[in-house]
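A.B. asks: I'd like to ask you about the structure that follows.
We did not get these values from a lab; they are worked out from the coordinates using the rules stated. This is a predicted model, so every value here is computed, not measured. All Cβ positions, even for glycine, are placed from backbone atoms using ideal geometry, and neighbour counts span all protein chains on display.
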Amino acid sequence: MASQPAGSGSKERMQELTPELRSFILTLPSVPFLEALLLVHGAPDEIWTAESIARRLYLQSVAQAQLIVTQLAERGFCVCTTNGQLAYDPVDPALHEAVTQLASIYRQQLIEITHLVHG
């Protein structure tokens, strides 16, 4: 089996991202936001608090998690209850589909995707 030149595998993986998914990734404000989005997507029946998100993602503060909770709701990925809890409930099926596609490739393309988010 022939070996590939150094770095070629990374380039091939990036080509697997559809233009639509790549555009979607570029709209995400931060890696912690991305990881929180994937966290709530992965447990759609769970109700989340800023504290539980901070704990699960090892964030430095609950305030940082609260900002992410607010952003998730403002961007239409989640709904917030009156007491600040969060549930995954995208405003439209296309948004849910984009998150589902992202979740399916994130672990295989972690570095490439986080570089896009850091942009």
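A.B. asks: Going highest first, how would you order 97-105, 79-87, 36-44, 65-73 by mean Cβ packing within 10 Å?
C.D. replies: With the highest mean Cβ count within 10 Å placed first, the list reads 65-73, 36-44, 97-105, 79-87.
A.B. asks: Counting each DSSP H run of 4 or more residues in the chain as -39500 (n - 2.57), what helix-only mean residue ellipticity at 222 nm follows after dividing by all residues, to the nearest 500 deg cm²/dmol?
C.D. replies: -18000 deg cm²/dmol
A.B. asks: Restricting to Cα pairs below 8 Å that are 6+ residues apart, what does the relative contact order work out to for the stretch 18-118? Please round to a whole percent.
C.D. replies: 34
A.B. asks: Something else about it: Assign unit charges at the C-beta atoms only (+1 for Lys and Arg, -1 for Asp and Glu), then state the dipole size of the stretch 18-118 relative to its Cα centre in Debye, rounded to the nearest 20.
C.D. replies: Details: 5 positive and 10 negative charges, 58 e Å.
Roughly 280 debye for the stretch 18-118.
A.B. asks: Within 15 Å, Cβ to Cβ, of LEU95, how many net charges do the neighbouring residues add up to if Lys/Arg are +1 and Asp/Glu are -1?
C.D. replies: On the way: positive: ARG75; negative: GLU20, GLU74, ASP89, ASP92, GLU97.
Result for the neighbourhood of LEU95: -4.
A.B. asks: Indicate the gyration tensor shape class of the chain (rounded, prolate or oblate), computed on the Cα atoms with a ≥ b ≥ c the square roots of the eigenvalues: a/c under 1.5 is rounded; otherwise a/b larger than b/c is prolate and the rest oblate. Walk me through the numbers on the way to the answer.
C.D. replies: Values: a/c = 2.53, a/b = 1.90, b/c = 1.33.
Cα axes put the chain in the prolate bin.
A.B. asks: Given the options TRP48, LEU116, CYS80, identify the residue whose Cα lies farthest towards the positive end of the charge dipole of the stretch 18-118 (+1 on Cβ of Lys, Arg; -1 on Cβ of Asp, Glu).
C.D. replies: After comparing all options, I get LEU116.
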